[in-house]
Amino acid sequence: MVGLIAAAAVGAFLGDTVSYGLGRHALGSGRFLRARALRAAHDWAGRTLQSRGGTVLVVSRYIPGGRTAATLVAGSVRYPIQRFWFFTAIAAVSWALYSTGTGYLGGRIFHDHPYQGILAGLALAFGLTLAIEGVRYLVNRRAAKKAVTVPDMPVSPRP
């Protein structure tokens, strides 16, 4: 298990570093950012990485497609490489532990019943998605209630 975890972590770290390099040298040149909307999205991503870069890099590891997007953007906005490596190492090791641990436990629990393992995984994924979307709905609903609306007041002419 230790060798598998180490190999997964090193592979994840190296893959993220390659993606960072591609973002830095291909996207960071500005050739792909001619459209105003694309430039605005790129600038927003850069500000987000500067303020919450560590969180973005660690959490994106667990989102399909998120890791690639985050590491490419980190390179293109020239996120400091030392900080990138630090947070990418945390993300890679935690992901390797999670992935191999899940595989090991799943293999032990569902060894003789692989279809039950598949169903359990799908149920877990569906349940987590439902819970996340439910929380998001409630947060948005609460924010909408807190928004203050001021009715238009008629303006009377001055005497």
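The values are calculated or read from the model by the stated rules, or taken from the named source; none is laboratory data. Being a predicted model, the structure only gives us computed values, none of them experimental. Virtual Cβ from ideal backbone geometry, glycine too; neighbours counted across all protein chains shown.
Being of a type in the set (A, V, I, L, M), part of a helix (DSSP H, G or I) and either in the same structural domain as residue 14 (by TED's automatic domain parsing) or exposed (fewer than 11 other Cβ atoms within 10 Å of the Cβ) (or both) narrows it down to one of 132, 118, so name that one.
Details: 118 fails: either in the same structural domain as residue 14 (by TED's automatic domain parsing) or exposed (fewer than 11 other Cβ atoms within 10 Å of the Cβ) (or both).
Going through 132, 118 in turn, just one is of a type in the set (A, V, I, L, M), part of a helix (DSSP H, G or I) and either in the same structural domain as residue 14 (by TED's automatic domain parsing) or exposed (fewer than 11 other Cβ atoms within 10 Å of the Cβ) (or both): 132.
Restricting attention to region 48-81, and to residues there that are polar (S, T, N, Q) and closer than 12 Å to residue 20 by Cα, which single residue is farthest from the chain's Cα centre (by Cα)? First the steps, then the outcome.
Here is the first cut: in region 48-81, the residues polar (S, T, N, Q) are 48, 50-51, 55, 60, 68, 71, 76.
Adding the requirement that they be closer than 12 Å to residue 20 by Cα leaves 68, 71, 76.
Details: 68: 9, 71: 10, 76: 17 Å.
Among those residues, the one meeting the criterion is 76.
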**OP:** Tell me, yes or no, whether region 58-69 has at least one residue that is loosely packed, with under 10 Cβ neighbours inside 10 Å and at pLDDT below 85.
**Re:** yes
